[in-house]
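The values are calculated or read from the model by the stated rules, or taken from the named source; none is laboratory data. For clarity, every value in this text was computed on a predicted model and none was experimentally measured. Here the Cβ positions follow ideal geometry from the backbone for every residue, glycine too, while neighbour counts run over all protein chains shown. For accessibility, only protein heavy atoms count, side chains too; no ligands or nucleic acids. Shrake-Rupley method; radii C 1.70, N 1.55, O 1.52, S 1.80 Å.
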Amino acid sequence: MKILEDRIRRDGRVRDGGVLKVDGFLNHQMDIALFSDMGKEFYRIFGDRRVNKILTIEASGIGIACLTAQQFGCPVVFAKKTQTKNISGEVYTTSVRSFTHDRVYDIIVSKEFLTPADRVLIIDDFLANGCALMGLVRLVRDAGAQLVGAGIAVEKAFQPGGELIRGMGVEVASLARIKAMDPVRGVEFC
Ligand code: 5GP
């Protein structure tokens, strides 16, 4: 998606350690007009699949998920990050390793909001090693819901997540795919 790639070239900052900072328009301050265009693009790709629920993970996925859900006319459910495993039996839960914070946390979704009747599109901001997306896929499968696919804003294609999750048979659509990046030369797209 050219406008997203252009924006990353203009306002993205590549940090040491393989992290792309996009705080000016995606991760901290949010450009809602851009999110709206991304939502339309996800609808163009997945709009005929009878999606009735968007699933994302707090916090950075929520904004993009909301503007996408507006296109689909459906609700957003976001997986909550929690320190302690909720064993009440009223939630689906799984563990996720954080790429940016280098730690493990649990994510939960209430059984009330993810059911076998749901046709789910997962939306997230980044796909890197695939841990976050894999966690969301597990929640959908645990719920017995139908996974339609995953829409990602920025895929770091030089990390293994994309290949891993496509290899599981999940349709992944990424709006910007980064082939390589470093702090001096910046970002190169696929
Ligand atoms: P994964 O679990 O695929 O390794 O990483 C996905 C999550 O880590 C995303 O939800 C995102 O929050 C964060 N993330 C991974 N790589 C980057 C990056 O280069 N920049 C930013 N801002 N976040 C990232």
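Would you pick out the residues in the range 58-68 that are open to solvent by 10 Å² or more (accessible area, probe 1.4 Å) and aliphatic (A, V, I, L, M)?
Answer for the range 58-68, where residues must be open to solvent by 10 Å² or more (accessible area, probe 1.4 Å) and aliphatic (A, V, I, L, M): 59, 62, 67.
Considering only the range 92-138, state which residues are of a type in the set (Gly, Ala, Ser) and over 16 Å from residue 52 (Cα atoms). Quick ask: steps written out before the conclusion?
Of the residues in the range 92-138, the ones of a type in the set (Gly, Ala, Ser) are 95, 98, 110, 117, 128, 130, 132, 135.
Residues satisfying the conditions are 95, 98, 110, 128, 130, 132, 135.
Run down 179, 80 and say which single residue is open to solvent by 60 Å² or more (accessible area, probe 1.4 Å), away from the ligand (no atom under 12 Å from the Cβ) and within 21 Å of residue 65 (Cβ to Cβ).
Sole residue among the options that is open to solvent by 60 Å² or more (accessible area, probe 1.4 Å), away from the ligand (no atom under 12 Å from the Cβ) and within 21 Å of residue 65 (Cβ to Cβ): 80.
Give the range 125-166 a look and list any residue that's without any contact (Cβ under 8 Å) to a residue 12 or more places away in the chain and either surrounded by 22 or more Cβ atoms within 10 Å (Cβ to Cβ) or of a type in the set (Ser, Thr, Tyr) (or both), or say none.
If the condition is that a residue be without any contact (Cβ under 8 Å) to a residue 12 or more places away in the chain and either surrounded by 22 or more Cβ atoms within 10 Å (Cβ to Cβ) or of a type in the set (Ser, Thr, Tyr) (or both), then no residue fits.
Within the range 93-124, can you find the residues that are open to solvent by less than 20 Å² (accessible area, probe 1.4 Å), more than 16 Å from the ligand (Cβ to nearest atom) and either modelled with pLDDT under 95 or assigned to a loop (DSSP other than H, G, I, E, B) (or both)?
Hits for the range 93-124 are 114, 118.
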